[in-house]
Amino acid sequence: MNNLAYVLAVERLAGIEVPGRVKVIRIMLAELFRIASHLVWYGTFAQDVGALSPVFYTFNDRERIFGIVEAICGGRMHPSWFRIGGVAQDLPRGWDGLIMDFVRYLPGRLKEYDKLVMRNRIFRARTKGIGSYTLDEAVEWGVTGPGLRACGFEWDFRKKRPYSGYDQCEFDIPTAQNGDCYDRGVVRIEEMRQSLRIIEQCVKNMPQGPYKADHPLTTPPLKEKTMHDIETLITHFLNVSWGPVIPAGEAFFGIEATKGSNGYYLVSDGGTMPYRVRIRTPSFAHLQMVPLICRGFMVPDLLAILGSIDYVLADVDR
């Protein structure tokens, strides 16, 4: 998911148009990773508030996603499978069966988790009315993603600034009203259900065609062509040994990542390496709100607040 923002920024800078198959593949994998991220949040949030069992169940479901990712990408957590101009390989045989099995499996599990966690009276008492902020405060502090939508603001990059073909998908933007720990959870849980809708549409509407763009400056040619014409072989050699030559200029691209707005601002001086890269990740803005929204609460409430924010420190300590 995080690689996608960088790849899209480079493609905008270089004027690369990727095939339709690439767009749908990227959406499908990105939504799988969104569900995987939210499952980690779901289990650990419940654990932070004192429920031990859910984290084992949600991590088990996350492993099912990693099994699919490993079958498609060859890697699990960080496969780096998205590439400038496309993806690393085409989808393997049997990919659709693996994904549809998961799409049919997860809704029943989410219903179990609703009963186990969200309807639990202790969990509700620990999260409702805790760590709340208003929409104005969220905007002022730079909150994005589920934390912003929990205040009732229907903002999602996939809908408001569609990228990679999201405008061709049918899905809803979950929102809540109170902006507290509980509502931030409600939004993320419904997001998983909407991601399943998107993934199912990707499987059923996967277009045929190449899995990388026909752009010799940035995209290595298909391997099967290298044995048939010398120009393809030379282009492949230069791209691998030297790297892509991106035209001079600047570009920014932001996506709806799992935790909020994730964007890359790139400046190219016409070489093979960026002259400047600036990254806008969501967790820094979210974490800096903690002193504001925990004021007046008890120390145990701080655990619920931190769990509901769903931050990752790699977003912050860069």
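Numbers for the structure displayed
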| quantity | calculated |
| --- | --- |
| Given Lys23/Lys225; Lys223/Lys259; Lys160/Lys223, the pairs whose alpha carbons are separated by over 28 Å | Lys223/Lys259; Lys160/Lys223 |
| Heavy-atom SASA rank of Trp155, Trp81 (probe 1.4 Å, accessible area, largest first) | Trp155, Trp81 |
| Region 205-277: translational diffusion in µm²/s, Stokes-Einstein, Kirkwood Rh over Cα pairs, 4 °C, 1.567 mPa s | 88 |
| Per-selection Kirkwood Rh - region 1-153 (Cα, Å, 1 d.p.) | 17.9 |
| Vicinal HN-Hα couplings computed from phi for region 135-147 (Karplus, 6.51 cos²θ - 1.76 cosθ + 1.60; Hz; Gly/Pro x) | 5, 4, 5, 4, 5, 5, 8, x, 6, 9, x, x, x |
| Helix-only mean residue ellipticity at 222 nm for the chain, each DSSP H run of n ≥ 4 adding -39500 (n - 2.57), per residue, nearest 500 | -16000 deg cm²/dmol |
| Zone residues, region 114-135, relative to Phe56, backbone N less than 17 Å from point 7 Å out along Cα-to-Cβ | 116-117 |
| Region 282-287 - phi-based ³J(HN,Hα) in whole Hz, Karplus 6.51/-1.76/1.60, Gly and Pro as x | x, 5, 4, 5, 5, 5 |
| Per residue Cα convex hull volume in Å³ - calculated over region 102-252 | 184 |
| Translational diffusion coefficient (Stokes-Einstein; Kirkwood radius from C-alpha pairs) of the chain at 4 °C, 1.567 mPa s, in µm²/s | 62 |
| Qualifying aspartates and glutamates (Cα of each under 13 Å from Cα of Lys128; at least 8 residues distant if same chain) | Asp180, Asp183, Asp301 |
| Whole-angstrom gap from region 10-65 to region 121-152, using each part's C-alpha centre | 21 |
| Amide proton proximity set for Arg83, modelled H, under 5 Å, gap of 5+ | Ala88 |
| Per-residue HN-Hα couplings for region 171-180 [Karplus 6.51, -1.76, 1.60; θ = phi - 60°; Hz; x = Gly/Pro] | 6, 9, 9, x, 9, 9, 10, 8, x, 9 |
| Net charge contributed by nearby residues that have their C-beta within less than 13 Å of Val103 (K/R +1, D/E -1) | +1 |
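The values are calculated or read from the model by the stated rules, or taken from the named source; none is laboratory data. A quick note: this is a predicted structure, and the numbers were derived from the prediction, not measured. Here the Cβ is made from the backbone with ideal geometry for all residues, glycine too, and neighbour counts use every protein chain on show. For accessibility, only protein heavy atoms count, side chains too; no ligands or nucleic acids. Shrake-Rupley method; radii C 1.70, N 1.55, O 1.52, S 1.80 Å.
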